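Working notes, beginning with the structure itself.
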């Protein structure tokens with residue numbers, strides 16, 4: 001797979017020391033609030049109050065709650081993207097001529113995404129619910145990766161299939177499954193069956 005894929009949402013901007021301090025306070029406050037209850041119920045006023053900064057300062061840096069959650073998620077998503085590009089197989093591409101089968105790479109991707117959702121679900125729910133999910137740089141990256149796997153497996157219309165293969169990773173669905181008592185291992189096992197059925 002080409003390494004010219006977009007990594008998350010671009011490099012962070014350079015900033016002054018006071019701006020960096022405010023950013024750190026905002027991100028720490030938001031992460032705490034997202035973890036304490038329903039992330040979708042957290043407001044920008046809640047975050048400004050918890051961070052001890054003015055609303056104007058907050059809005060100058062972040063236009064909405066989702067942009068704050070995306071900033072928190074960025075580091076975790078970048079680490080996974082790096083493993084997809086250059087990590088060990090089956091998640092990574094492996095050596096030329098000995099790459100894992102597309103279905104194995106998809107199953108490994110599903111397992112890694114289940115791990116990310118389990119560890120950071122409040123952040124994902126704050127950043128990537130509804131239509132906002134499809135506008136992130138990370139979603140574009142995952143979609144390109146799955147399009148590549150579907151094309152490698154010889155499947156017709158790989159761009160359409162990529163979105164369909166990403167649909168089971170919607171954070172609302174993951175929360176529903178976990179609330180229903182499904183363990184991450186069971187969810188990943190079910191997704192592995194889907195991976196082998198779709199690309200095997």
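The values are calculated or read from the model by the stated rules, or taken from the named source; none is laboratory data. Fair warning: this is a prediction, and the values are worked out from it, not measured in the lab. Cβ atoms come from the backbone with ideal geometry, glycine included; neighbour counts cover every protein chain shown.
Evaluating residue 182 against the criteria (1) in contact with a helix residue (DSSP H, G or I) (Cβ under 8 Å, 6 or more places away or on another chain); (2) within 30 Å of residue 68 (Cβ to Cβ); (3) free of Cβ contacts under 8 Å to residues at least 40 places away in the same chain leaves one unmet condition, (1).
The set of residues in the stretch 45-72 that are in contact (Cβ under 8 Å) with a residue 24 or more places away in the chain and farther than 17 Å from residue 136 by Cα comprises 51, 52, 53, 57, 58, 61. Criterion applied to 118, 128, 152 was being touching a residue at least 24 places away in the same chain (Cβ under 8 Å), within 27 Å of residue 39 (Cβ to Cβ) and surrounded by fewer than 20 Cβ atoms within 10 Å (Cβ to Cβ), and the one residue passing it is 118. Summed over the stretch 163-181, residues that are more than 21 Å from residue 139 (Cα to Cα) and loosely packed, with under 15 Cβ neighbours inside 10 Å total 3. Residues that are in a loop (DSSP other than H, G, I, E, B) and surrounded by 13 or more Cβ atoms within 10 Å (Cβ to Cβ) within the stretch 182-200 comprise 182, 200, listed in sequence order. Taken over the stretch 73-90, the criterion of being under 19 Å from residue 134 (Cα atoms) and surrounded by fewer than 21 Cβ atoms within 10 Å (Cβ to Cβ) is satisfied by 75, 76, 78, 80, 81. No other residue among 115, 137 is farther than 16 Å from residue 31 by Cα, in the same structural domain as residue 184 (by TED's automatic domain parsing), within 11 Å of the chain's Cα centre (by Cα) and at pLDDT below 95 apart from 137.
Results for (1) outside the structural domain of residue 146 (by TED's automatic domain parsing); (2) within 15 Å of residue 122 (Cβ to Cβ); (3) modelled with pLDDT under 90, shown as yes or no for each residue.
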{"residue": "69", "(1), (2), (3)": "no, yes, yes"}
{"residue": "76", "(1), (2), (3)": "no, yes, yes"}
{"residue": "82", "(1), (2), (3)": "no, no, no"}
{"residue": "86", "(1), (2), (3)": "no, no, no"}
{"residue": "92", "(1), (2), (3)": "no, no, no"}
{"residue": "97", "(1), (2), (3)": "no, no, yes"}
